[in-house]
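Enquirer: The structure follows.
The values are calculated or read from the model by the stated rules, or taken from the named source; none is laboratory data. Just so you know, these numbers come straight off a predicted model, no measurement behind them. Note: ideal-geometry Cβ built from the backbone for every residue, glycine included; neighbour counts use all protein chains shown.
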Amino acid sequence: MKKKIYIKTWGCQMNEHDSSIIKNILMRKKEYILTNNPENSDIFILNTCSIREKAQEKLFHQLGRWKKIKTKKPNIIIAVGGCVATQEGKRIYQRAKFINIIFGPQTIHKLPELLKQAYKNKKIIIDINTKSLQKFKNSINTKIDKKFTSFVSIMEGCNKYCSFCIVPYTRGKEVHRNNYEIISEIKKLTKIGVKEIILLGQNVNAYNVYDNVYQKKYNFSDLLYEISEIPKIHRIRYITSHPMEFNDNLIEAYKNIPQLTNFLHLPLQSGSNRILKLMKRGYTIEQYEEIIRKLKNIRPKINISSDFIIGFPGETKEDFQKTLNIISKINFDTSYSFIYSKRPGTRAAKLIDNTPIEEKKKRLAILQKKIIQQSFQWRRRMLGTVQSIIVEGVAGNNIQELRGRTENNRIVHFEGHPKLIGKFIQLKIIDINYKTYLKGTII
């Protein structure tokens, strides 16, 4: 009888993509099937994230819930993966001795073998240290994949070592995929209907390899140009980029590659040069502004999104006000903004943090309100315009109400036949609301 697998995923798009790879790997094995019901599962897989504070406690709360199920069904296998698994390693087992496997982001490809070992050997299995890109050979499963937008990882890890960030310690230093493998994967994706590509990496614009065929260096902008030549790829997005490597070649690509969307997520983190220096970000506010200025000269209507950390150790009211000022000046469309989370082992963890949590919460609320107001103004400008969207699926219970995504990353609901799913169509924006709502009509 086939073993039922339940997969739970926390965290970023990298983790989402890793979980889809896990599914692909295990579904190729005839002895496994996926389930959405943990109560009926034989194998639990938890793909964790360590970006935010209390990630470990969140993990143990979830494991506690699964322990109750395992008490009733002792043969259940529990596997913990992702960044918390790499960060904590054997310490997870010391607190939860009922788990069976601990694996890392770069040992995903070993899961079938690790599961076999777990059924044979009741001792804990830990495999977190391999530095490998083997998992990407399983990015596509044509038997279960049917999609129009797809993630494509181009690199793993990070070399920046920002003082607040745990990622370089959990995903390791940068490892870049071969450019020919990436292009081959994208061409295969077009055969299952993919029309929009989202390139993934901790710092995608740091991508740099040596092209052995043409005997030359090959960087991120080279990759974008080559992807743009694949006929069935109509849109190219990427996350996440870093201001340090946002060079003129990449900016020039926005002039020459129409498939690059009019939406850019470029994390700033703070509007204060003093705080950016403490964060070890490697750029100044003025340098960031210059990148945006050059981009807007080429793409005047481009929407800019960013990340902001509120209440970083030493952040004063003046530093915070500078962040609010730059948010207004750049006119950010959306943001991911969070209160600073102290991560063990990072440089920032040693900094003195005197700002009360209530003050941090107040600042976060002020910032998020400002971003919401600006986002609403961006949507107001779209009212009455004609937008090209890719139809992603049914919007709700009514199969005649569909949803699609604009080039500037807005979801639009409209009436239409399900046969439109997967197609690019033109919509006129006829209604908006204060937070997220856009409604369109086919023209």
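Enquirer: In this structure, does residue 354 turn out to be assigned by TED's automatic domain parsing to the domain that holds residue 236 and surrounded by fewer than 18 Cβ atoms within 10 Å (Cβ to Cβ)? Show your work before the answer.
Expert: On the way: assigned by TED's automatic domain parsing to the domain that holds residue 236: yes; surrounded by fewer than 18 Cβ atoms within 10 Å (Cβ to Cβ): yes.
Yes.
Enquirer: Being touching a Leu at 6+ places or on another chain (Cβ under 9 Å), surrounded by 21 or more Cβ atoms within 10 Å (Cβ to Cβ) and without any contact (Cβ under 8 Å) to a residue 40 or more places away in the chain, is that true of even one residue in segment 318-336?
Expert: Yes, that holds for at least one residue.
Enquirer: Now for a different question. Could you list, in sequence order, the residues of segment 198-239 that are among the acidic types (Asp, Glu) and touching a residue at least 40 places away in the same chain (Cβ under 8 Å)?
Expert: Start the filter on segment 198-239 by keeping residues that are among the acidic types (Asp, Glu), which leaves 211, 222, 226, 229.
Answer for segment 198-239, where residues must be among the acidic types (Asp, Glu) and touching a residue at least 40 places away in the same chain (Cβ under 8 Å): 222, 226.
Enquirer: For segment 213-228, give me each residue that is part of a loop (DSSP other than H, G, I, E, B) and either among the aromatic types (Phe, Trp, Tyr) or out of contact with any helix residue (DSSP H, G or I) (no Cβ under 9 Å at 6 or more places or on another chain) (or both). Give the steps one after another, and end with the answer.
Expert: Step one: list which residues in segment 213-228 are part of a loop (DSSP other than H, G, I, E, B), which gives 213-215.
214, 215 - these are the residues of segment 213-228 that are part of a loop (DSSP other than H, G, I, E, B) and either among the aromatic types (Phe, Trp, Tyr) or out of contact with any helix residue (DSSP H, G or I) (no Cβ under 9 Å at 6 or more places or on another chain) (or both).
Enquirer: Tell me whether segment 240-259 contains one or more residues that are assigned by TED's automatic domain parsing to the domain that holds residue 198, assigned to a strand (DSSP E or B) and touching a residue at least 12 places away in the same chain (Cβ under 8 Å).
Expert: Within segment 240-259, not a single residue is assigned by TED's automatic domain parsing to the domain that holds residue 198, assigned to a strand (DSSP E or B) and touching a residue at least 12 places away in the same chain (Cβ under 8 Å).
Enquirer: Could you list all residues from segment 216-227 that are of a type outside the set (Asp, Glu), surrounded by 16 or more Cβ atoms within 10 Å (Cβ to Cβ) and touching a strand residue (DSSP E or B) at 6+ places or on another chain (Cβ under 9 Å)?
Expert: 218, 219, 220, 223, 224, 227, listed by residue number.
Enquirer: Let me ask something else. Residue 373 is checked against (1) closer than 25 Å to residue 265 by Cβ; (2) touching a residue at least 12 places away in the same chain (Cβ under 8 Å) and fails just one. What number does that condition carry?
Expert: Answer for residue 373: the failing condition is (2).
Residue by residue, here is whether (1) touching a helix residue (DSSP H, G or I) at 6+ places or on another chain (Cβ under 6 Å); (2) within 30 Å of residue 56 (Cα to Cα); (3) in contact (Cβ under 8 Å) with a residue 40 or more places away in the chain; (4) not hydrophobic (A, V, I, L, M, F, W, C) holds:
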{"residue": "353", "(1), (2), (3), (4)": "no, yes, yes, yes"}
{"residue": "400", "(1), (2), (3), (4)": "no, no, no, yes"}
{"residue": "416", "(1), (2), (3), (4)": "no, no, no, yes"}
{"residue": "432", "(1), (2), (3), (4)": "yes, no, yes, no"}
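Enquirer: Quick check on my filter: what residues within segment 30-72 are of a type in the set (Val, Ile, Thr), in contact with a Lys or Arg (Cβ under 8 Å, 6 or more places away or on another chain) and farther than 29 Å from residue 336 by Cα?
Expert: 33, 35, 43 - these are the residues of segment 30-72 that are of a type in the set (Val, Ile, Thr), in contact with a Lys or Arg (Cβ under 8 Å, 6 or more places away or on another chain) and farther than 29 Å from residue 336 by Cα.
Enquirer: Run down 399, 352, 389 and say which single residue is outside any helix (DSSP H, G or I), more than 28 Å from the chain's Cα centre (by Cα) and farther than 14 Å from residue 312 by Cα.
Expert: On the way: 352 fails: farther than 14 Å from residue 312 by Cα; 389 fails: more than 28 Å from the chain's Cα centre (by Cα).
None of the other options fit; the residue is 399.
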